Amino acid sequence: MDGRGQPVKRTRVHYKTFGCKANQYDTQRMRQHLEAGLAGDPPAALEDADLCVVNTCTVTNRADADARRYIRRIGRRNPGAKIVVAGCSAALRGREYRAMDGVSGVVEGHDPGEVLAAATGALGAGRARLLQLGARATLERTHMEGVGADVLRRRAGATRGWLKVQDGCDRKCAFCATRLARGRSRSRHPDQVVAEARVLARSHPELVVTGVHIGHYGRDLDPRVSLTALVRRLLDEVPGPRLRLGSIEATEIDDGMVDLLRSSGGRLAPHLHMPLQSGADPVLRRMRRWHTREQYRRRALEIAQMVDPVGLGADIITGFPGETPEDHARTLSLVAELPFTYLHVFPYSPRDGTVAAGLSGAVPQRVSRERGRELRALAAEKGARHARGRGGAEVEVVMEGTGGTALTGDYLRVAVESPLRPDPMVLHRGRLSPDGTAVRIDAATSDTLN
C-alpha cells in the first residue's frame with residue numbers, strides 16, 4: 001500500500017541471461033537491485049512482464065545474434081514490454097542495440113545501479129518498485145564498475161550459487177572480445193567474498209567460485225592475496241556448502257590448490273575446467289596464449305596423478321586462422337592422451353577489435369565444423385569411459401532443477417533414482433549405477449552433508 005492506502009503498482013520483470021557464470025552472477029545482482037526489497041513471484045513467461053532485462057554475451061558472433069534474436073522475440077510475444085539491454089555485447093555494440101525496435105535502455109556493462117536507473121527511466125516515475133517474474137538460464141572499451149559492491153543474497157531459482165571473486169582480464173588472447181568489454185582484472189576483497197559466501201550458503205548447498213580470470217585473483221590487492229589462500233579461507237570460515245572452482249588456467253593452478261582438491265574430503269569439488277584452445281604450439285602462438293602444449297600437458301597429468309578421481313574439462317577452438325590439418329591432428333592427439341572427461345568445443349568466430357580478426361589463413365567453416373565433430377566425438381567417448389570407471393562409487397551430489405538430475409563432485413551429471421524427492425537445499429549421498437549415469441538416493445544413503 002502507498003501513503004494514501006492504495007495498492008502499489010508493481011512492475012513485473014523477466015530476465016534473460018546469455019553467456020558465462022560471471023554474466024549469470026551479474027544478472028542476479030541486477031535482479032536484487034530491481035526487486036528493491038520486494039519479494040518476487042515464482043517464474044513466469046515473458047508474455048506477462050512489464051520489463052525485460054537482457055544480459056548479453058559477446059564471446060562469439062552467435063552469442064551476439066542470439067541476444068538480438070531474443071530481443072525481437074520479446075517484441076513479437078510481448079510488444080508492450082519495456083526492454084533494457086546490458087552486458088558484454090551491449091558494452092561493445094551499444095549503438096546497435098539502441099537502434100533496435102522496442103529497446104528502451106542500454107547499459108554498456110553490468111552495473112546493477114545503471115540497470116535500475118535505465119529501468120526506472122523506461123517505466124516512468126512512480127514505477128520503480130519491482131516484482132520479479134522470471135530469471136533463467138561474455139573497439140577497445142573498458143568498464144571499471146565494481147565487482148560486487150553489495151552482497152548477493154541468493155541465485156534465484158537455482159540450487160548452485162555463483163560466488164564471483166573477480167572481474168576483467170589482463171591477458172590479451174588474440175581471439176577474445178570479452179576482455180575488451182570487461183576491462184582490466186579487479187578482485188574483490190577477501191572479507192567481502194567470505195561475507196557473501198556465508199549469505200549464499202543459506203540458500204545453496206554448492207557455491208561455484210567464478211569470475212572472468214580467477215587465476216589472477218588478488219594480484220591487484222594490497223597486500224596481494226592468492227586464489228588458493230582465498231579458497232582455503234572459504235573452506236575454513238564457511239562451513240556447509242561444497243565449493244567448486246570455475247574456469248581456471250592450467251598454469252595458474254598452484255600446488256597448494258591441488259592439495260586442497262586432494263585433501264578437503266570433497267569440500268572442494270575434484271573438478272577443474274582448464275581452457276586449452278589448441279593442442280598445437282603454432283596455433284597457440286598465433287592465439288597469443290601464454291602456455292605451450294607441453295606445459296599444459298605436464299600440468300594436467302600432474303593434477304590427474306595427485307587427484308583421483310578428477311573431472312577435467314577444457315575449451316577448444318577449431319578453425320582458428322592458420323590452423324592446418326597437422327595442427328588439428330596434434331590437438332586430437334593431446335585430447336586422446338589427457339584424462340579429459342568432457343570438452344567445450346567452439347568454431348572460431350572473428351570478433352571486431354581483436355587481433356585475430358586481422359589474421360590471414362582463414363579456415364573454411366565446413367572444415368572447422370568437421371574438426372569440432374571429431375573432437376566432440378572423442379570427448380563423448382572419454383566421458384562415457386570416465387563414467388563407467390566411476391560406476392558403483394558412493395558420491396556426494398547436488399540436485400539440479402526439479403531434482404531429475406544431480407551433479408557429482410567430479411562433474412558427472414546423473415539421473416536421480418529415489419523413492420522420495422530429495423531436498424534440493426542440501427547435498428546428498430548416493431551410489432552411482434554400474435555405468436555411472438544415474439545415482440540412487442534412498443533412506444540408507446540420504447545423510448545430508450550440511
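Which one of the conditions (1) buried (at least 17 other Cβ atoms within 10 Å of the Cβ); (2) modelled with pLDDT under 95 does residue 390 fail to meet, given that it meets all the rest?
(2)
Exactly one condition in (1) more than 30 Å from residue 208 (Cβ to Cβ); (2) in contact with a helix residue (DSSP H, G or I) (Cβ under 7 Å, 6 or more places away or on another chain) is false for residue 369; which is it?
Evaluating residue 369 over (1) more than 30 Å from residue 208 (Cβ to Cβ); (2) in contact with a helix residue (DSSP H, G or I) (Cβ under 7 Å, 6 or more places away or on another chain) leaves (2) as the failure.
Tell me which helices (runs of 4 or more DSSP H) are completely within the range 271-348 and hold 1 or more residues being among the polar types (S, T, N, Q), or say none if there are none.
293-306, 325-337
Can you tell me which residues in the range 187-206 are surrounded by 19 or more Cβ atoms within 10 Å (Cβ to Cβ) and of a type outside the set (Asp, Glu)?
187, 188, 193, 197, 200, 201, 204, 205
Quick check on the range 2-34: of everything there that is surrounded by 23 or more Cβ atoms within 10 Å (Cβ to Cβ) and part of a loop (DSSP other than H, G, I, E, B), which residue is modelled with the lowest pLDDT?
Taking the candidates together, the pick is 19.
State which residue is surrounded by the most Cβ atoms within 10 Å (Cβ to Cβ) when the search covers only the range 298-318 and only residues that are out of contact with any His (no Cβ under 9 Å at 6 or more places or on another chain) and over 23 Å from residue 409 (Cα atoms).
Per the stated criteria, the residue is 317.
I'd like to know if the range 366-376 contains one or more residues that are part of a helix (DSSP H, G or I), exposed (fewer than 12 other Cβ atoms within 10 Å of the Cβ) and aliphatic (A, V, I, L, M).
no
Among 434, 419, which is the only one that is within 22 Å of residue 342 (Cα to Cα) and not in a strand (DSSP E or B)?
Only one candidate passes the filter, namely 434.
In the range 85-103, what residues are within 17 Å of residue 119 (Cα to Cα) and either surrounded by fewer than 23 Cβ atoms within 10 Å (Cβ to Cβ) or touching a Ser or Thr at 6+ places or on another chain (Cβ under 6 Å) (or both)?
If the condition is that a residue be within 17 Å of residue 119 (Cα to Cα) and either surrounded by fewer than 23 Cβ atoms within 10 Å (Cβ to Cβ) or touching a Ser or Thr at 6+ places or on another chain (Cβ under 6 Å) (or both), then 87, 90, 94, 98, 100, 101, 102, 103 are the ones that fit.
What are the residues in the range 234-254 that are under 18 Å from residue 313 (Cα atoms) and in contact with a Leu (Cβ under 6 Å, 6 or more places away or on another chain), if any?
Listed by number, the list holds a single entry, 243.
Suppose the filter is under 29 Å from residue 346 (Cα atoms) and modelled with pLDDT under 95; does residue 164 pass it?
no
So residue 244 fits all but one of (1) surrounded by fewer than 22 Cβ atoms within 10 Å (Cβ to Cβ); (2) not in a helix (DSSP H, G or I); what number is the exception?
Among (1) surrounded by fewer than 22 Cβ atoms within 10 Å (Cβ to Cβ); (2) not in a helix (DSSP H, G or I), the lone unmet condition for residue 244 is (1).
The values are calculated or read from the model by the stated rules, or taken from the named source; none is laboratory data. Since the structure is predicted, the reported quantities are computational estimates derived from the model, not experimental observations. Every residue, glycine among them, receives a Cβ derived from its backbone with ideal geometry; neighbour counts consider all protein chains shown.
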